[in-house]
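Worksheet: the structure to be examined is printed underneath.
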Amino acid sequence: MPDRAPSPAIFEFNSGRLCLDFANTVRARPLSDRIEYINKYEDLLEWSRQATILTPGEATVLAREAGRRTRQAAETLAQAIVLREAIHALFSARAAGLPAPPSDLRTINEAIGRAMSHAGLTPSGSRFEWSWPEAPLDLDRVSWWVARSAAELLTSSDLTFVRECAGYDCGWLFMDTTKNRSRRWCNMSTCGNRAKGRRHYERSRAAGGERRGQG
C-alpha cells in the first residue's frame, strides 16, 4: 500500500509535457513504499487546477458535482489512475527502447477515444485550437486533457526526447531538451544531488578501505 502525501499537495510541473506531469504524481515509484499524491477526486481537481487545465471556478463546480455523485467520482478517479499508470508504463518503455505494452496502449487509446468524442475547435486569436466547445463540464474532464496530451506526444517527433530519471528511487519522466541529449535526472537539485552524494560516499569508503589495507 503506497504512502499518501499530505493533501492538498503542491504538485511539480517540470517534465515538459502535461501527460508526463500527470504520470509524475507518484514519488519513489520503483519502491514498495512509494508516495501517492492523488488519493481522492479532490486531489485530481487540485492537480488540474495547478496544471491550469481547469479554472478555479470549474474545479469548484466539479467538486460540488463529485459531492453529489460520489460513486461516479470514485469511478472517475480510478479510471484516471489506470490511465496514469498506462501512460507511465508506455513512456517508460519508450524511453528504454522497448515495445509499447499492448494493454497499456489499449488503455490510452480508449481514453483518447473518450476525449476526442468531445473535442472540437475554438477560435484562438487568428488561429484555432482544440478544446471541448460543446461538452458539458463532466467529472472526467481532467482525463480528456491528459489523454490528448499523451496522443500529441506519442505522434510527435518529440517522443524521442522522453527520458526516465536515472535515480534508482524516482521513476519520474521528463523531456530531455538539452543540446546533446545528456540529461539524466528529473531534477538536478534532488535526484542529481542525491546521486552525487552517493558517489562521493562510495568513493570515500573505497579510499578509506585502501588506506586501512595499507596500514
note = Within segment 69-88, the count of residues that are more than 15 Å from the chain's Cα centre (by Cα) and among the acidic types (Asp, Glu) comes to 1
inquiry  = I'm checking my understanding of the structure. Among residues of segment 42-68 that are among the hydrophobic types (A, V, I, L, M, F, W, C) and surrounded by fewer than 18 Cβ atoms within 10 Å (Cβ to Cβ), which one is nearest to the chain's Cα centre (by Cα)?
reply    = ALA51
query = Of the residues that sit in segment 132-151 and are among the charged types (D, E, K, R) and out of contact with any strand residue (DSSP E or B) (no Cβ under 9 Å at 6 or more places or on another chain), which one is farthest from GLY16 (Cα to Cα)?
reply = ASP138
task = Look at segment 82-98 and say how many of its residues are closer than 18 Å to TRP144 by Cα and surrounded by fewer than 18 Cβ atoms within 10 Å (Cβ to Cβ).
result = 2
inquiry  = Just checking: which of the helices (runs of 4 or more DSSP H) contained wholly in segment 1-120 hold 3 or more residues that are aliphatic (A, V, I, L, M) and under 14 Å from SER143 (Cα atoms)?
reply    = 18-23, 70-95, 102-116
task = Would you point out the residue of segment 1-41, among those that are within 13 Å of the chain's Cα centre (by Cα) and of a type in the set (Asp, Glu), that is modelled with the highest pLDDT?
result = ASP21
task = Residues being touching a Ser or Thr at 6+ places or on another chain (Cβ under 9 Å) and within 22 Å of ASP21 (Cα to Cα): count how many of those fall in segment 54-78.
result = 5
ask   = Looking at this structure, is SER117 farther than 26 Å from THR60 by Cα and in the same structural domain as GLY16 (by TED's automatic domain parsing)?
value = no
remark   = Within segment 99-125, residues being over 16 Å from ALA147 (Cβ atoms) and touching a Leu at 6+ places or on another chain (Cβ under 7 Å) number 1
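The values are calculated or read from the model by the stated rules, or taken from the named source; none is laboratory data. Note that the coordinates shown come from a computational prediction; the quantities given were computed from them, not determined experimentally. So basically every Cβ, Gly included, is an ideal-geometry build from the backbone, and we count neighbours across all protein chains shown.
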